[in-house]
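What follows is one structure encoded as structure tokens, with my remarks underneath.
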Amino acid sequence: MTHAQAGHNVPLSQEVFPIAYQRGPSGMGPRNARRPSRGSAAPMRPVAWLIGVLGELLVTAGLVLGLFVVWQLWWTDVEGARAQSEIIAEMDWESAPQAQAPAAATENHGPPPVMEEPLEAGGLFAQMYVPRFGDDYIKPVAEGTDKATVLDTIGIGHYVDTAMPGALGNFALAAHRTTYGKPFNQIAELKDGDALVVRTKDTWYVYKVTESKIVYPQNVEVIAPVPGVTSDQPMPEPTKRFITLTSCHPMFSATERYIVHGELEYWSPVGEGKPKELMG
Amino acid sequence: MYALIWRAIPGPGWFKFLVCLVLVFGAVAVCFTEFFPWLSDYMPFNETTVGA
């Protein structure tokens, strides 16, 4: 006789736990039949159920963590790149007729016009072109370095209270090197002499890279009006027009910061065409 | 847990499967649009600025 058939003859307690009953020794004597309900089998059910649920929760947590990595490394990039090119398209500075002039813009080395710093955080005021990052590289520049409202959503952020493009002092910018459209992904490829071209609505500012270095996050002197002058030293009156890019270093880490300094080489009004650095 | 969800959905197997797909899609969507953006603020690897 099999256990299943035996089950019809045993007391109710064994029918409630048929699996435990089947695991028991063969035979249908009352001693054997009673053992599961009294011994370890009866409390095992809730414990086994609990372990099962715990396992499912752990599997779920693992999947969610994996999904977070996918979101962070891939999806924020997809969204960021799309949002940034949409912003550039909405600014619509390319379609102005004077911007289509074929000739290279004249190089002015005198004091350039300087726009006022936008009052509101997140205000768009410039576009950035970096030929080293590709001919189609255009990214929007907005006021402030708040992660959620500027760096994650718009692209390049301008440190509040640092100089504006073309001004004496230090035009300091931050952007992601990985994820969220990663505007400064290739920052480590910049070499001395590379052009960093900033455009406001009316003016081109052509900066040339002078220095790349790696510092710690607390080294705020890299964005000082005269880069390198720490807060415990008297700040000299700036006589040069610097640009500074900051991004994370190493990639996917926040241990250090990658810094690129540059100086203004020349400026030109937008109406005269593009700088020669963008013509190639 | 997942067995409970499976049993709670009425209908034939293919219908249960479709409902599960929709549920999974919804869960992923909530993660991508709400949960992960919130969580990323607490992750240390997105800092790009110097100073505060």
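The values are calculated or read from the model by the stated rules, or taken from the named source; none is laboratory data. Note that the coordinates shown come from a computational prediction; the quantities given were computed from them, not determined experimentally. Please note: Cβ atoms are built from the backbone with ideal geometry, for glycine as well, and neighbour counts cover all protein chains shown.
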Which of (1) touching a helix residue (DSSP H, G or I) at 6+ places or on another chain (Cβ under 6 Å); (2) touching a residue at least 12 places away in the same chain (Cβ under 8 Å) does B:Ile5 not meet, given it meets every other one? (1)
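Conditions tested, residue by residue: (1) farther than 18 Å from A:Gly123 by Cβ; (2) surrounded by fewer than 18 Cβ atoms within 10 Å (Cβ to Cβ).
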| residue | (1), (2) |
| --- | --- |
| A:Gly166 | no, no |
| A:Leu190 | yes, no |
| A:Tyr207 | yes, no |
| A:Pro217 | yes, no |
| A:Ile223 | yes, no |
| A:Val226 | yes, yes |
Residues that are in contact (Cβ under 8 Å) with a residue 12 or more places away in the chain and of a type in the set (Lys, Arg): list the strands (runs of 3 or more DSSP E) wholly contained in the stretch A:128-220 that include at least 2 such residues. A:203-215
Out of the residues in the stretch B:2-37 meeting the condition of being farther than 18 Å from A:Val69 by Cβ and of a type in the set (D, E, K, R), tell me which one is modelled with the highest pLDDT. B:Lys16
When you go through B:Phe36, B:Phe25 one by one, which is the residue that is at the interface with another protein chain (Cβ under 7 Å from one of its Cβ atoms) and among the aromatic types (Phe, Trp, Tyr)? B:Phe36
B:Val19 more than 9 Å from every other protein chain (Cβ to nearest Cβ), outside any loop (DSSP other than H, G, I, E, B) and either surrounded by 12 or more Cβ atoms within 10 Å (Cβ to Cβ) or among the small types (Gly, Ala, Ser) (or both): yes
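Conditions tested, residue by residue: (1) surrounded by 14 or more Cβ atoms within 10 Å (Cβ to Cβ); (2) outside any strand (DSSP E or B); (3) at pLDDT 90 or above; (4) within 14 Å of chain B (Cβ to nearest Cβ).
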| residue | (1), (2), (3), (4) |
| --- | --- |
| A:Met235 | no, yes, no, no |
| A:Pro238 | yes, yes, yes, no |
| A:Ile243 | yes, no, yes, no |
| A:Val260 | yes, no, yes, yes |
| A:Glu265 | yes, no, yes, no |
| A:Ser268 | yes, no, yes, no |
| A:Gly280 | no, yes, no, no |
Name the one entry in A:Lys213, A:Lys208, A:Lys139, A:Lys182 that is over 24 Å from A:Thr76 (Cβ atoms), within 14 Å of chain B (Cβ to nearest Cβ) and among the charged types (D, E, K, R). A:Lys213
